[in-house]
Each structure stands twice: as structure tokens, then as C-alpha cells.
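Student: This is the structure I want to talk about, given as C-alpha cells.
Laboratory data are not the source of any read-out in this text; all were calculated from the coordinates shown. Keep in mind it's a predicted model, so treat the numbers as computed, not measured. Using ideal geometry, Cβ is built from the backbone for each residue, glycine included, and neighbour counts are taken over all protein chains shown.
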Amino acid sequence: MIILYGIPNCDTVKKARAWLTAQGLAHEFHDFKKAGVPADRLAAWESALGWQKLLNRKGTTWRKLDPQDQASAVDAITAQALMRAQPSLIKRPVVEWGNRSTVGFDPAVWAAEL
């Protein structure tokens, strides 16, 4: 089962969900805003993908953070704490393709996952 994690009003998440639907791929959507960030999944993504890849330093949420909070993201532990507190700091979407995970939306990469 494909599980897509993100927030519903994110344009990239919308494109990703539409792409999955257009490919005829059943998927489950996990809304960070409503259901939160599963701590065990966040740790698994960090282990597989790296915290630097998961932490979205280009988004509005990051820019609105206090410079002190931004500076506190120096390793996996501190980055995960920030991402748990502010789910919008997680680059979206995170997708679990069964036994593998990806972050971001790239149709070519996604096609290779199939």
C-alpha cells in the first residue's frame, strides 16, 4: 500500500495525489495537520533519507521561525524535534512505497518506484 504523508492544501501534495490517481494507484493519505506526525515514521524517514533532506528550509514555515530556532537544527535529534513541533517543516510529500520511502514529488523517480 502506498501511503502519502503531507498537508492537503500544499500544491505539491495536490499534484502528487493527482499523479497517483491518474496512474490508477490506490493510496492512503495521512494528513499531518489532522493526524500529526507519527514519531516512529519520522525516525524511519530520517534514517532512510537523512534529516537534511526532510527538513524544508525553503518554505514559509522555516522563514517564519525565530533565527534561534533555525540555528537549533544541527542534527537529527534537534531537526526531528522541530519537525514534530511544526509538521509544515517536513518537505512534502513523504511517500512510503511499501519498503522504501521518498520525499518530494518527481514523476520520473516515482515511476521508477513502481
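Student: Filter the helices (runs of 4 or more DSSP H) completely within region 1-74 down to those with at least 3 residues that are surrounded by fewer than 16 Cβ atoms within 10 Å (Cβ to Cβ).
Tutor: Because the criterion is at least 3 residues that are surrounded by fewer than 16 Cβ atoms within 10 Å (Cβ to Cβ), the helices (runs of 4 or more DSSP H) in region 1-74 that meet it are 11-22, 32-35, 39-49, 60-64, 67-71.
Student: Let me ask something else about it. Within the bounds of region 93-101, is there any residue that is polar (S, T, N, Q), assigned to a helix (DSSP H, G or I), without any contact (Cβ under 8 Å) to a residue 40 or more places away in the chain and out of contact with any Gly (no Cβ under 8 Å at 6 or more places or on another chain)?
Tutor: no
Student: Additional query: Among the residues that make up region 4-13, is at least one of them within 13 Å of Val94 (Cβ to Cβ) and charged (D, E, K, R)?
Tutor: No; the residues of region 4-13 include none that is within 13 Å of Val94 (Cβ to Cβ) and charged (D, E, K, R).
Student: If you check every pair at least six apart or on different chains, which have Cβ atoms under 8 Å apart with a residue in region 3-30 that is aliphatic (A, V, I, L, M) first and a residue that is loosely packed, with under 11 Cβ neighbours inside 10 Å second?
Tutor: Ile3/Glu28; Leu4/Glu28; Leu25/Leu114; Ala26/Met1
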